[in-house]
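To start, the structure itself, in structure tokens.
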Amino acid sequence: MSLIKTTSVAVMCALLSACASTTNNSVSGVQRSQLLLLPTSTVNEMSSQSYTETLQTAKKNNTLNADKALLNRVTTISNRLIAQVGVFRPDAAKWKWEVNVEKNDQLNAYCMPGGKIMVFSGLAEKLNATDDELAAVIGHEIAHALREHGRERMSQAYIQQFGLQALATVVGGTAGSMAAQGAGMGSQLLFSMPNGREQEREADRMGLELAARAGYNPEAAVSLWKKMMAANKEAPPEFLSTHPSSENRIKDLQALTPKVMPLYLAAKSK
Ligand SMILES: [Zn+2]
């Protein structure tokens, strides 16, 4: 990063107090400060709209919640995870969470900003995933939302696009026009940009802790990624291609597992 860029980001942070961690520190040790320029409400509105459109399309194609048993499983697991999100950020307990399953062969799942969860049926069917393994994936995706990684990516893109001009706008106090510009960038930016490597690492770590707190065996995260790798020797799915190298991620998860294991055992004995 150039000096000018570093300086402008530092100035922006000082002026906006926009560089804070979205979540409380906890066992998994995720506490990086984030540049969050765009208002949460702007990002969440875009997310909600996009999610609604996705549901409508899936409904039209008869691919929405076609498998009731799988929907029940995914909903139960998600609700147990959601019950623990207050540890990381109390406000998230009051989000308008939604959980749906789309009939789709891809090994994928996501949680859009504000708590809009979608699990693709391929994940459960093709991998024969256990509840613990599904919890590992959904926990990872929920962690992205808790950390507001989408909003962070948009904020970074905003600076790249508008640069110092954005700073002037913000200092000028016209946050409304900034939000309008941000929305004008389109949800495409928000939802097509892959998470960065550090964001993925955070989602892995926080997701592991979230699953453990919800009473799901954290060891399932490693078995899940191994299954994914095996299933995708030929063509890596989108989910893996936007995620960090599998070996590093497995090492990282294995190192953190003993630390969250007591949380899992405590949750299970309740
Ligand atoms: Zn991810």
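The values are calculated or read from the model by the stated rules, or taken from the named source; none is laboratory data. Not measured: the values here are computed from a predicted model. Every residue, glycine among them, receives a Cβ derived from its backbone with ideal geometry; neighbour counts consider all protein chains shown.
List of remarks:
- Here K126 passes the criteria (1) within 14 Å of the ligand (Cβ to nearest atom); (2) under 28 Å from L70 (Cβ atoms); (3) modelled with pLDDT under 95 except the one numbered (1).
- Scanning segment 65-118 for residues that are among the aliphatic types (A, V, I, L, M) and out of contact with any strand residue (DSSP E or B) (no Cβ under 6 Å at 6 or more places or on another chain) gives A66, A69, I77, L81, I82, A83, V85, V87, A92, A93, L107, M112.
- Near pairs, Cβ below 7 angstrom, 6+ apart or cross-chain, from segment 126-155 (more than 23 Å from L265 (Cα to Cα)) to any residue that is among the aromatic types (F, W, Y) and away from the ligand (no atom under 11 Å from the Cβ): L146/F88
- Those strands (runs of 3 or more DSSP E) lying entirely in segment 42-153 with at least 2 residues surrounded by fewer than 20 Cβ atoms within 10 Å (Cβ to Cβ): 98-102
- Residue within segment 242-251 that is under 23 Å from G29 (Cβ atoms), at pLDDT 95 or above and more than 15 Å from the ligand (Cβ to nearest atom) present: no
- Entry remark, segment 55-79: residues being closer than 23 Å to A136 by Cβ and in contact with an Asp or Glu (Cβ under 9 Å, 6 or more places away or on another chain) number 6 in total.
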